[in-house]
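Peer 1: Sharing a structure below in structure tokens format, with a few things to ask.
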Amino acid sequence: MLLCGHAALAQVSATRDKTSYANMELSQPQAWRFDTVSIRPRKDLPSSWFYGISQNEYPAIGVPLYRTIMKAYLPDVFGSADRLLGAPSWVMKDNFDFVGKVAPEDMTEWQSQIQHRAPMVPIKILQTMSQASLAERCKLAVHFVPGSTTGYALVIGKHGPNRNSLKDATLGETIPSEAQWIPEGGKMVPIMPDSEPVLKFGS
């Protein structure tokens, strides 16, 4: 049986409201659970490793357990382990095979969320399933504490935006097929080399 330690602290940016994180911990839209979960230590050095999302499971093969913890709780910080405080060293160093398989009754919701996910937006069903597995199988307890981090701020230039160059979208206009998902359910057409520098947004 794998025991992951009784507590780990996840440090988050001070720009986030602490109350919102508390609400996230206490209110989940659905009690999603993986149908089956396998967590096995890897004593040998894996010839290849990977972790990600497939159409019916979450596999994390030959990687430290902290990567799954990050996906479950802090998926928007690119796996930066310095946000985890209080975890034992082996969580960061020892390799594991973590495979969570999705139940047939949750497959439609799982595939819908992973297919329509936007960059930098957490996949709620994956977070909920991973958090439940880590708590039940590994006895992991997590709470959030305020912290600070360096970064960049996007600000308006001295002369402000040139609103005269903005164009209203035509009602019912078809969104181009190359549009990419963005947060809040929108789509954006990226600027490609030698293309007209116009961004179109739609929902």
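Peer 1: List, in the order given, every pair from K93/K124; K43/K139; K93/K187; K93/K139 whose Cα-Cα distance in the structure shown is over 29 Å.
Peer 2: The answer is K93/K187.
Peer 1: Let me ask something else about it. Which residues' amide hydrogens lie under 5 Å from the amide hydrogen of G147, considering only partners 5 or more residues apart or on another chain, with H built in the peptide plane?
Peer 2: V12, A14
Peer 1: While we're here: What are the ³J(HN,Hα) values, in whole Hz, obtained from phi via the Karplus relation 6.51 cos²θ - 1.76 cosθ + 1.60 with θ = phi - 60°, for each residue of the stretch 133-138 in sequence order, with x given for Gly and Pro?
Peer 2: After applying 6.51 cos²θ - 1.76 cosθ + 1.60, I find 5, 5, 6, 6, 8, 10 Hz.
Peer 1: Something else now. Net charge within 12 Å of R33 by Cβ-Cβ distance, Lys/Arg positive one each and Asp/Glu negative one each, not counting R33 itself?
Peer 2: Spelling it out: positives minus negatives among the neighbours equals -2.
Peer 1: A further question follows. In what sequence do Y152, Y51 fall when counting other Cβ within 10 Å, fewest first?
Peer 2: Listed from fewest to most nearby Cβ atoms, that is Y152, Y51.
Peer 1: Ok, one more. Rounded, prolate or oblate: which fits the stretch 41-95 when a ≥ b ≥ c are the square roots of the eigenvalues of the alpha-carbon gyration tensor, with rounded for a/c under 1.5 and prolate only if a/b beats b/c?
Peer 2: Verdict is oblate for the stretch 41-95.
Peer 1: Within the set of other residues whose C-beta is less than 13 Å from the C-beta of M92, count the net charge using Lys and Arg as +1 and Asp and Glu as -1.
Peer 2: Overall, the nearby charge balance is +1.
Peer 1: What ranking of T68, T128 emerges when the number of other C-beta atoms within 10 Å of each C-beta is taken as an exposure proxy, fewest first?
Peer 2: Ascending number of Cβ neighbours within 10 Å: T128, T68.
Coordinate-derived values only; no laboratory data. None of these values were measured; they are calculated from a predicted model. Please note: Cβ atoms are built from the backbone with ideal geometry, for glycine as well, and neighbour counts cover all protein chains shown.
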